[in-house]
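Beneath this line is the structure, given in structure tokens, with notes to follow.
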Amino acid sequence: MKTKKTEFPFTAMVGQEVLKRALILNVVNPKVGGVLIRGEKGTGKSIAVRALADILPPIEVVEGCKYNCDPKKPDKFCNDCKALQEKGEIKATKTPTKIVNLPLNITEDRLVGSIDIERILNEGVRSFEPGLLAEAHRGILYVDEINLLEDNVVDVLLDAAAMGMVTIEREGISLNYPSEFIIIGSMNPEEGELRPQLLDRLALQAEVTGIHNVEQRVEVMMATREFSLDPVVFRDQHRDKLKALREEIIRARTLMPKVTTPDSVLAIITKIGIDFNIDGHRGDIIIERTARTNAAFEGRTESTPDDVILSAEMALPHRMRKQPFEEESFSAEMLRRLVRKYETDGIR
């Protein structure tokens, strides 16, 4: 029997507040649109993602569904669940939210799934082996070294992210299934940049750097040592904090539909998008959505300029225009100054 690996507790992570908040906000509201984690090796990027497993609330699924269909959303049922619905045999159950790892060497068939053409032709039986995108539906798809993915895999991810659906066509046979997931990618910028199309699809960016505070570095070493000596005992020490954070996330999800963004805050969002020369409207939409999500996480029903600052610091840097080999020119200090100015003086 396979033993579940004990992951480093999310609440034991030292520092990296922007990264932790970006991940939490995506868990609260999957429609935020994913996270790109940039940083050198050894800065805890993959540890943070794996640690999410302990704070992810379970999801309700159709019993026996290999796509994790939501019993409350029949309009998004897979073909198997549609058949069950016609027979009145839909049963609901709860299951843990999955974190699915996407390896760099993945084949397209392993990613989207494969159709057994021979069995269909010989036996008349529809035979389909689901891929990782089916497994990741309503969960998290994690891609380490996302900037090194093959172009054909990136194209499939872009299509799935845009449509919320995967379509497979082989030898005149077509099949589709739902695939909505939170995509989290991590990368070391020294190993190359990410394709612009995929970069734009990742809503938030968290820059992870080594900790330079002596006390925090000591804290990291001590926590790592305790965890390596006995992972189970160390995790148990954080059980209450993990439970409290999970409950905060559930409360925030419940509050989300009630959270609004005042017109004055909407005006600030659009103005900073113009000031920072951001192309298109995706950046504005992401900032507003993230600001509302942060308000919900903090127990408020209205987003504020402070929520905008927090959201824009994660949503704008990778969307700014830059020339080849040019460094990002985003200034968090300028962002805060502009938001405070518009908050005080209004938009003219």
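All of the numbers you see were taken from the coordinates with simple rules; none came from a lab. Bear in mind the structure is a predicted one, so any value in this text is a computation, not a measurement. As a convention, Cβ positions derive from the backbone with ideal geometry for all residues, glycine included, and neighbour counts pool all protein chains shown.
Viscosity 0.692 mPa s, temperature 37 °C: what is the translational diffusion coefficient of segment 245-348 from Stokes-Einstein with a Kirkwood Rh over Cα pairs, rounded to a whole number of µm²/s? Estimated via Stokes-Einstein, D reaches 230 µm²/s.
Taking the average, over residues, of other Cβ atoms within 10 Å as the packing measure, peptides 261-273, 288-300 rank 288-300, 261-273 from highest down.
Express the Stokes-Einstein translational diffusion coefficient of segment 55-100 in µm² s⁻¹, to the nearest whole number, given a Kirkwood radius over alpha-carbon pairs, 10 °C and a viscosity of 1.306 mPa s. The calculation lands on 146 µm²/s. Among HIS281, HIS318, the ranking by other beta carbons within 10 Å of each residue's beta carbon, starting with the fewest, stands as HIS281, HIS318.
Here segment 259-345 is assigned +1 on the Cβ of each Lys and Arg and -1 on the Cβ of each Asp and Glu. Its dipole about the Cα centre then comes out at about 100 debye.
Against the empirical curve 2.2 N^0.38 Å, the C-alpha radius of gyration of the chain lands at a ratio of 1.06. Amide H contacts of PHE181 (H built 1.01 Å from N, in plane; Pro and chain starts excluded): ARG138 sit under 5 Å, all sequence-distant by 5 or more or on other chains.
For the chain, the longest principal axis of the Cα atoms and the long axis of helix 239-255 meet at an angle of about 90 degrees. Taking every C-alpha pair closer than 8 Å and separated by at least 6 residues, the mean separation divided by the residue count of segment 125-260 gives a relative contact order of 23 percent. Relative to the dominant Cα principal axis of the chain, helix 17-28 is inclined by about 40°. Taking the chain as the reference, fit the longest principal axis to its C-alpha atoms, fit the long axis of helix 263-275 to the helix C-alpha atoms, and give the angle between the two in degrees, 0 to 90, nearest 10. Roughly 80 degrees between the two axes.
The value obtained for segment 9-147, namely the Cα convex hull volume divided by the number of residues, is 128 Å³ per residue.
How much FRET efficiency would the formula 1/(1 + (r/R0)^6) give for ASP151 and LYS82, where r is the Cβ-Cβ distance and R0 is 30 Å, rounded to 0.05? Given R0 = 30 Å and the Cβ-Cβ separation, E is 0.35.
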